[in-house]
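Right, one structure below, let's go through it.
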Amino acid sequence: MQGDVDENVDYDPIFAAGRGWLASLIAVAGVLFGNGGLYLISRLGLKQAETRKHQAAGLFWLLVCLMCVGNFIAYVPNRTFAAHADMATTERGLGCSPWWIAIGLGVPFLIASWHYFARILPRVAVAWSRELPLAPLILAVIAVLIFTEFYGRAGLQRYGPVSHGIAAFWSYAVPVPLLWLTIRRVRQEISARPI
């Protein structure tokens, strides 16, 4: 349903005016400022919810954070090498190789994703599920499936063979190791918590 969402911007006059950098800024604004900003806000909201012990608010911010890291990988690396859409416009406007985008945005996006699954999710899931012993594991499985199967599939169709291959990697190769990492961290959090 979310494939080929268009921001409805006519980039041709922007490029014709020699303002490729502006076209790049517009094209990357959604993921960089929208999701990046919302990621930072969700981290602050999560910290506030933990401090005030508001479980429902904490779970809300945990899911918002998941949405942000999911969108990060849906754009970079999944659609970085596409011939059209936001990342292609960004590359054209900056006059750079997709590899610069993949490294420049991909590294921080992957770090944020790793941090979510290795640190944030296990800590929050265990802290707020003392009454339900299986809840942290169930939450881990759901989060990994949303991340890999919903967001990871971005690029499977209509973005070219490289994007297809990257998206296939996220959908088929990443779920098991990511689930293993997350469950391992959940079990470590469970064993570390006071009784």
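Laid out as a table, the results:
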| read-out | value |
| --- | --- |
| At q = 0.21, 0.24 Å⁻¹, base-10 log of I(q)/I(0) for the range 92-164 (Debye sum, equal scatterers on each alpha carbon) | -0.99, -1.12 |
| Theoretical gain in end-to-end length, E7 to Q188 [0.36 nm per residue, Cα-Cα removed] | 60.9 nm |
| Mean separation of Cα contacts under 8 Å, 6 or more apart, over the residue count of the chain: relative contact order % | 23 |
| Ellipsoid equivalent to the range 38-190 - semi-axes via the Cα gyration tensor, in Å | 31, 17, 11 |
| Farthest toward positive dipole pole in the chain [+1 Lys/Arg, -1 Asp/Glu at C-beta], among A143, G30, W100 | A143 |
| Lys, Arg +1 and Asp, Glu -1 on Cβ, resulting dipole of the range 67-195 about Cα centre, debye, nearest 20 | 280 |
| Rounded tilt (10° steps) of 106-115 against the dominant C-alpha axis of the chain | 10 |
| For the range 4-34 and the range 110-161, distance of Cα centres in Å | 30 |
| Theoretical gain in end-to-end length, R92 to F150 [0.36 nm per residue, Cα-Cα removed] | 18.1 nm |
| Cut-off 19 Å, label 7 Å out along Cα→Cβ of L40, residues of the range 53-85 by amide N | 61-62, 64-73 |
| Label-to-label distance, nm, for residues given as A16 and H84 (7 Å Cα→Cβ offset) | 2.0 |
| Net lengthening on full extension, R119/A29 (0.36 nm per residue, minus Cα-Cα) | 29.7 nm |
| Rounded to whole Hz, the Karplus (6.51, -1.76, 1.60) HN-Hα couplings of the range 35-50, x for glycine and proline | 6, x, x, 5, 4, 5, 4, 5, 5, 5, x, 5, 5, 5, 5, 5 |
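All of the numbers you see were taken from the coordinates with simple rules; none came from a lab. All values reported here derive from a predicted model rather than from experimental measurement. Backbone-built Cβ (ideal geometry, glycine too); neighbour counts: all protein chains shown.
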